[in-house]
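Notes for the one structure printed next.
The values are calculated or read from the model by the stated rules, or taken from the named source; none is laboratory data. What you see is a predicted model; the values in this text were computed from it and never measured. Ligands, DNA and RNA are excluded from the accessible area calculation, which covers all protein heavy atoms including side chains. Shrake-Rupley method; radii C 1.70, N 1.55, O 1.52, S 1.80 Å.
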Amino acid sequence: MKNRMLSSFCFMFLGSMIILFPLYILPVCPLPEVASVPADTMASEAANAGHMHSSGGKIMKCFWTAKAELGVGALVMAIGFLMLFSRTVFIRMGLSMALACIAILAGAIPTVLIGVCGNEMMRCNIGAKPALVLLSLVLFIVAIINIVSLNKMTKRNWM
């Protein structure tokens, strides 16, 4: 009971940190501002082209990294919540194994899969990327520790 509550709350906390770091604590680059176009220009463009184009800037890669990490963090929180209510040790061990794999994915998103801005002085490179890599490493270590502890618990119960 103690291991189940401690590990599930730890996983839910780490999942919430994965969500909060790139969005609020160490935020990534914001969306570019949409340039305002005068009304008469918009009307002439709509009449000529049949549709309108927004004249916003380029969306940076770190924005998409933050969105992907939002989904990963929500998944980690959901698995932590499921772990709280699962009574079987083997189910909790399987959920911990899934969390170890998700931790590898969470670390790969800002480094290999999507990445962050190319400029090393941008705030996503200085703050969000190292924080997400560190959080994914902590999540991986906690999941492995939980797997080992649950494995010892099952061996003790079998003998």
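For LYS61, which lysines qualify as cross-link partners when the Cα separation must be under 28 Å and same-chain residues fewer than eight apart are set aside?
Qualifying lysines at Cα under 28 Å: LYS129.
In whole percent, and with a 1.4 Å probe on the protein chains, what portion of the accessible area of the range 66-159 is carbon and sulfur?
74 percent
Which whole-number value in Å² is the accessible area per residue of the range 80-159, probe 1.4 Å?
Solvent-accessible surface per residue comes out at 58 Å².
Report, ordered by chain and residue number, the lysines lying within cross-link reach of LYS2, taken as a straight Cα distance under 22 Å and ignoring same-chain residues fewer than 8 apart.
Partners within reach: LYS152, LYS155.
Report the equivalent ellipsoid semi-axes for the range 85-159 in whole Å, largest first, defined as the square roots of five times the eigenvalues of the gyration tensor built from alpha carbon atoms.
Taking √(5λ) for each Cα gyration eigenvalue gives 35, 10, 8 Å.
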